[in-house]
Amino acid sequence: MRVQYSRSVGDARWTLNASDGELLVRTGVTGRAAKMGHRLTIAMKRWTATVQWAGDEPVSAELVVDVDSFEVLRGDGGVKGLSGPEKTLVRSNALRLLDAGRFREIRFAAHTIDKTNGGYRLSGTLELHGKTQACRIDLRTDDLGDVWRMAGQATVRQSDFGIKPYSMLMGAVKVADEVSVSFTAQRMKE
């Protein structure tokens, strides 16, 4: 389905945040004892996305995420379920590895936005842990009548940003280097 955005007069700026959708990070587990580890689902609770429009077309987009808004929702797999204190420990370890006191934000800025059959391809840069890398995100858009629904997913390799994935038991259980980041949001039509 090809989506046509109808804008009224002039240019506009959209601002979205966690009240409009969700930003999730999903991890995998590797190592000799991977079956003992949990595949985590993490929510980033404070983020802001802005989209600048020129007429009917988006011309720039930026997503800024507060690293300290990290919340462990669940841990799948493992020997037993992930308890509340274990979720707190996971959060603490992750914030330490991300050096959240020094690098307080994660930022994606789309410099080029191309229309695709199902939405838009956003090409730009991802800044994480003080390092910047090229990044491309395919954003699906759906017209639901009164609202636009947007959804995208990307894979991020932690080591590309100088982050050493968490490990325990002398490396027998490790968080996988690649994590999956998904974004969904809805925006009321104007």
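The values are calculated or read from the model by the stated rules, or taken from the named source; none is laboratory data. Everything numeric in this text was worked out from a predicted model, so none of it was measured. Don't worry about glycine lacking a Cβ; one is built from the backbone with ideal geometry, like all the others, and counts go over all protein chains shown. To get the accessible areas, we keep the full protein, side chains included, count just its heavy atoms, and leave off ligands, DNA and RNA. Shrake-Rupley method; radii C 1.70, N 1.55, O 1.52, S 1.80 Å.
Evaluate the range 65-77: report whether one residue or more is on the phi < 0 side of the Ramachandran plot, out of contact with any Ser or Thr (no Cβ under 6 Å at 6 or more places or on another chain), open to solvent by less than 40 Å² (accessible area, probe 1.4 Å) and part of a helix (DSSP H, G or I). Lay out the reasoning, then the answer.
The first filter runs over the range 65-77 and keeps only residues on the phi < 0 side of the Ramachandran plot, leaving 65-76.
Of the ones still in play, those that are also out of contact with any Ser or Thr (no Cβ under 6 Å at 6 or more places or on another chain) are 65-72, 75-76.
Next cut, open to solvent by less than 40 Å² (accessible area, probe 1.4 Å) only: 65, 67, 69-70, 72, 75.
Add one more test, that the residue is part of a helix (DSSP H, G or I), and what stays is 67, 69.
Scanning the range 65-77, I find at least one residue that is on the phi < 0 side of the Ramachandran plot, out of contact with any Ser or Thr (no Cβ under 6 Å at 6 or more places or on another chain), open to solvent by less than 40 Å² (accessible area, probe 1.4 Å) and part of a helix (DSSP H, G or I), so the answer is yes.
With open to solvent by 40 Å² or more (accessible area, probe 1.4 Å), more than 15 Å from residue 152 (Cβ to Cβ) and either in a loop (DSSP other than H, G, I, E, B) or small (Gly, Ala, Ser) (or both) as the only criterion, which of 96, 39, 102 stands out? Step through it out loud before you land on a result.
Details: 96 fails: either in a loop (DSSP other than H, G, I, E, B) or small (Gly, Ala, Ser) (or both); 39 fails: either in a loop (DSSP other than H, G, I, E, B) or small (Gly, Ala, Ser) (or both).
The match here is 102.
Within the range 120-136, residues that are farther than 18 Å from residue 68 by Cα and in contact (Cβ under 8 Å) with a residue 12 or more places away in the chain sit with their Cβ atoms under 9 Å from residues that are among the hydrophobic types (A, V, I, L, M, F, W, C) and open to solvent by 80 Å² or more (accessible area, probe 1.4 Å), at 6+ positions apart or across chains, in these pairs: 123/134; 124/134; 125/134. Restricting 160, 143 to residues that are of a type outside the set (A, V, I, L, M) and out of contact with any Leu (no Cβ under 9 Å at 6 or more places or on another chain) narrows the list to 143. Of all the residues that make up the range 144-164, how many are open to solvent by 70 Å² or more (accessible area, probe 1.4 Å) and assigned to a strand (DSSP E or B)? Number satisfying all stated conditions: 4. For residue 49, the test of being more than 23 Å from residue 164 (Cβ to Cβ) and either open to solvent by less than 40 Å² (accessible area, probe 1.4 Å) or more than 14 Å from the chain's Cα centre (by Cα) (or both) is passed.
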